[in-house]
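K.L.:
Quick one: structure below, then a few questions.
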């Protein structure tokens with residue numbers, strides 16, 4: 001792997017992992033669903049504009065349109081919507097740890113529902129991931145972590161895992177950035193009515209809210225996505241996916257650094273065990 005690809009991968013995972021911290025800051029000053037719907041509207045339009053400048057077009061089959069709507073609702077709507085609401089009650093580091101379980105859940109569901117073969121190493125990886133979660137959740141729940149927030153975070157990662165399985169292969173890679181922009185607009189259209197129905201709008205215009213909103217819209221929302229596509233094009237999806245191994249560690253570290261969230265020995269141990277489990281599962285995918 002060349003130096004440029006390494007820098008791209010590290011910058012991507014840093015931006016991606018920081019999204020939980022910026023979201024945690026933003027929801028302290030504004031209604032989460034309203035905030036997220038506006039963010040997706042802006043990010044979606046920017047992504048489509050960049051895609052158009054790169055020569056991409058809106059040219060999708062009926063099956064691809066269904067995938068765009070389904071993935072937009074489950075990934076952006078349910079997954080991020082649940083996480084934004086959850087972070088009214090739980091810390092950003094805990095939300096990042098739960099979200100990092102995605103590769104393990106996808107492998108588990110593929111094994112159960114699609115009968116995909118999972119070697120012994122992959123099974124060991126799933127067990128390690130479960131052990132890591134139990135270590136962290138035991139410490140956090142005994143420390144007073146809100147059960148509603150935890151449940152919403154798990155609901156979100158479950159929805160994203162389901163979306164990953166349902167739409168895999170349904171959208172070609174020729175106009176991916178345009179597709180991502182469309183998915184964001186779908187989520188914005190779904191979250192805005194939900195915000196009208198379930199939220200009493202509250203916005204406290206502070207510099208923290210404005211900074212966090214601009215950051216989460218432009219950096220994790222658009223820039224990280226663009227870097228990811230360029231990285232996959234440069235080194236391939238499997239090698240690029242290896243950078244996700246850093247997500248649990250960086251998500252917790254950034255939250256501890258910026259928000260001064262507590263970080264215990266059990267948290268660190270759980271993150272290490274989960275990361276080892278993710279690596280084991282990904283290694284079996286590479287072998288297959």
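The values are calculated or read from the model by the stated rules, or taken from the named source; none is laboratory data. Since the model is a prediction, treat every value here as computed from it, not as a measurement. In this analysis, Cβ positions are derived from the backbone assuming ideal geometry, glycine residues included, and neighbour counts consider all displayed protein chains.
Condition check ((1) more than 16 Å from the chain's Cα centre (by Cα); (2) surrounded by fewer than 21 Cβ atoms within 10 Å (Cβ to Cβ)) across all residues:
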| residue | (1), (2) |
| --- | --- |
| 142 | yes, yes |
| 146 | yes, yes |
| 154 | no, yes |
| 197 | yes, yes |
| 201 | yes, yes |
| 220 | no, no |
| 230 | yes, yes |
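K.L.:
Have a look at 6, 36, 70 and point out the one that is modelled with pLDDT of 90 or more and part of a helix (DSSP H, G or I).
P.N.:
36
K.L.:
Pick out the one residue from 145, 153, 124 that is assigned to a helix (DSSP H, G or I), farther than 18 Å from residue 78 by Cα and in contact with a helix residue (DSSP H, G or I) (Cβ under 7 Å, 6 or more places away or on another chain).
P.N.:
124
K.L.:
Report the residue count in the range 82-107 for those that are more than 16 Å from the chain's Cα centre (by Cα) and at pLDDT below 85.
P.N.:
Qualifying residue count, the range 82-107: 1.
K.L.:
Just to be sure, is residue 79 under 20 Å from the mean Cα position of the chain (by Cα) and crowded, with 17+ Cβ neighbours inside 10 Å?
P.N.:
So residue 79 fits the description; yes.
Condition check ((1) without any contact (Cβ under 8 Å) to a residue 60 or more places away in the chain; (2) surrounded by 17 or more Cβ atoms within 10 Å (Cβ to Cβ); (3) in contact with a helix residue (DSSP H, G or I) (Cβ under 6 Å, 6 or more places away or on another chain)) across all residues:
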{"residue": "52", "(1), (2), (3)": "no, no, no"}
{"residue": "56", "(1), (2), (3)": "no, yes, yes"}
{"residue": "88", "(1), (2), (3)": "no, no, no"}
{"residue": "111", "(1), (2), (3)": "yes, no, no"}
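K.L.:
If I ask for residues that are under 23 Å from residue 227 (Cβ atoms) and in a helix (DSSP H, G or I), which ones from the range 51-66 would you list?
P.N.:
Listed by number, the residues that qualify are 51, 52, 53.
K.L.:
Moving on. If I go through the range 7-26 residue by residue, how many of them are buried (at least 23 other Cβ atoms within 10 Å of the Cβ) and more than 13 Å from residue 219 (Cβ to Cβ)?
P.N.:
Residues in the range 7-26 being buried (at least 23 other Cβ atoms within 10 Å of the Cβ) and more than 13 Å from residue 219 (Cβ to Cβ): 2 in total.
K.L.:
Can you tell me which of 255, 240, 280 is surrounded by 15 or more Cβ atoms within 10 Å (Cβ to Cβ), modelled with pLDDT of 85 or more and either out of contact with any strand residue (DSSP E or B) (no Cβ under 9 Å at 6 or more places or on another chain) or not in a helix (DSSP H, G or I) (or both)?
P.N.:
255
K.L.:
Out of (1) within 25 Å of residue 121 (Cβ to Cβ); (2) under 19 Å from the mean Cα position of the chain (by Cα), what's the single condition that is false for residue 273?
P.N.:
Going through the list (1) within 25 Å of residue 121 (Cβ to Cβ); (2) under 19 Å from the mean Cα position of the chain (by Cα), residue 273 breaks only (2).
K.L.:
Considering the range 3-31 alone, what residues qualify as being free of Cβ contacts under 8 Å to residues at least 60 places away in the same chain and farther than 19 Å from residue 250 by Cβ?
P.N.:
Within the range 3-31, just 3 meets the criteria.
K.L.:
Could you list, in sequence order, the residues of the range 39-50 that are modelled with pLDDT of 90 or more and surrounded by fewer than 20 Cβ atoms within 10 Å (Cβ to Cβ)?
P.N.:
Those that are modelled with pLDDT of 90 or more and surrounded by fewer than 20 Cβ atoms within 10 Å (Cβ to Cβ): 41, 42, 45, 46, 49.
K.L.:
Filter the range 174-223 for residues that are within 21 Å of residue 70 (Cβ to Cβ) and assigned to a loop (DSSP other than H, G, I, E, B); which is modelled with the highest pLDDT?
P.N.:
In this case the residue turns out to be 175.
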